[in-house]
Amino acid sequence: MAEKITAYRFDSLDQTLSQLNQEDCALIAGGTDIMVLHKSGRGVPPKIPNPIIFIDHLSELKRVYQNQKDLHIGSCCTYSELLEDPLIPQPLKNAIKTIAAPAIRNRGTLGGNICNASPAGDTLPLLYVYNAKLLLRSVNGDRVVAISDFIQGPRRVGRNHDEILAEIILPSIFAEGAHVVFEKVGNRNADAIAKVGFAGYIRMKGTQIEDIRFAFGAVGPTMVRSMEIEKKLVGKNMPLSVADLAQVVAAFDKIIKPIDDQRSTAIYRKTVALNLLRYFLTMKQYQPN
Ligand SMILES: Cc1cc2nc3c(=O)[nH]c(=O)nc-3n(C[C@H](O)[C@H](O)[C@H](O)COP(=O)(O)OP(=O)(O)OC[C@H]3O[C@@H](n4cnc5c(N)ncnc54)[C@H](O)[C@@H]3O)c2cc1C
């Protein structure tokens, strides 16, 4: 017979946070990662070591709204809900469309993708280049942390046990002029885990680069991003000289250190990642005529 576990489903976020303050519980949003992580066998319920709290139904975690130039996304919005929302930027919708199949997209949440902290999480490269901030809520108040500080390693995040990720904030996303690209390379267009993920963000002033950001997924323990490399490109004119392009590619060649695993080889991942970088830096859309 299956073991019984304690499960809570409160009506409000406040009640949920209060329980979380008293007891170390496992949070379940869509359950599409956590159920797989704790699976114990065919036809047998998963063995989750702690009591569980469902949070997927909490209206406080399902709002999407604009605050000045920032976009706030409730952590428990499912992918299917985000695809329908007019405020969600197209590059994020493009990334979501590559995730799993509709059944998983009906359950899986953006907050779950972040808190699961998989190196191959498909939304993560984009959230890094959007400089996403995370609003964490507990009975003791709120704190806001950069996504790059929150995600510390594979399946490792800087969340205190009494905290819930409430919102994902994309700062200044409604400011004009940035060109954002998302690319995923897997065995097929969707319903496949990424071999490589890539996001690029560029804002130009005339022919000059005003802001530029890159993040690579599935080629390291967390997303690979380098502010140092990005800074060196600010102020340069497009198209980049052959020497500048070669320098950026060589700099990422040094810091991208993928592994061989059941999905791909390190050499394939590195080659594809650098090709995506070259492709992004030479795209026609923001090159002067
Ligand atoms: C068949 C299948 C295919 C998949 N394909 C893809 C794919 O192509 N790309 C991809 O990126 N992922 C994929 N996934 C993984 C998964 O669907 C996503 O990572 C999804 O976003 C997880 O969201 P969830 O709400 O289901 O998370 P859950 O499983 O509910 O939670 C994941 C973890 O995050 C914690 N958590 C969740 N929400 C919060 C919160 N608000 N605050 C604090 N902690 C929280 C949970 O406690 C748990 O530790 C796939 C999964 C399956 C089963």
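For the chain, carbon and sulfur atoms together expose 50% of the accessible surface, with a 1.4 angstrom probe and every protein chain in place. With R₀ set to 25 Å, the beta-carbon distance separating LYS232 from THR207 gives a calculated FRET efficiency near 0.90.
A 1.4 Å probe, protein heavy atoms only, puts the accessible area of HIS57 near 60 Å².
Applying 0.36 nm per residue to the separation of TYR279 and GLN66 and subtracting their alpha-carbon distance, the gain on full extension is 73.5 nm. Each Cα pair under 8 Å and six or more residues apart adds its sequence gap; the mean of these over the residue count of the chain is a relative contact order of 15 percent.
For LEU37, the solvent-accessible surface with a 1.4 Å probe is about 100 Å², rounded to the nearest 10. Of the residues MET35, MET204, MET227, ranked by 1.4 Å probe accessible area with the largest first, the sequence reads MET227, MET35, MET204.
Across LEU92, LEU240, the residue with the most accessible area heads the list, and the full order at a 1.4 Å probe is LEU240, LEU92.
Rolling a 1.4 angstrom probe over the protein heavy atoms with all chains in place gives region 231-279 an accessible area of 62 Å² per residue. Take every pair of alpha-carbon atoms less than 8 Å apart whose residues are at least six positions apart; their mean separation over the length of region 1-126 yields a relative contact order of 24 percent. Straight-line reach from LYS69: taking Cα to Cα under 15 Å and skipping same-chain neighbours fewer than 8 places apart, the aspartates and glutamates in range are GLU176.
For the pair GLU176 and LYS97, label points projected 7 Å from Cα toward Cβ lie 2.7 nm apart. Using the Cβ-Cβ distance between MET35 and HIS57 with R0 set to 25 Å, the FRET efficiency from 1/(1 + (r/R0)^6) comes to roughly 0.90. Among the listed pairs LYS205/LYS257; LYS205/LYS270; LYS47/LYS97; LYS62/LYS232; LYS97/LYS284; LYS62/LYS97, a Cα-Cα separation exceeding 29 Å is found for LYS205/LYS257; LYS205/LYS270; LYS47/LYS97; LYS62/LYS232. For region 136-206, state which GluC sites (Glu not before Pro) are in a DSSP loop and have at most 13 other beta carbons lying within 10 Å of their beta carbon. Sites meeting the loop and neighbour criteria: GLU176.
The values are calculated or read from the model by the stated rules, or taken from the named source; none is laboratory data. None of these values were measured; they are calculated from a predicted model. All Cβ positions, even for glycine, are placed from backbone atoms using ideal geometry, and neighbour counts span all protein chains on display. Please note that ligands, DNA and RNA were not included when accessible areas were found on the heavy atoms of the full protein model with its side chains. Shrake-Rupley method; radii C 1.70, N 1.55, O 1.52, S 1.80 Å.
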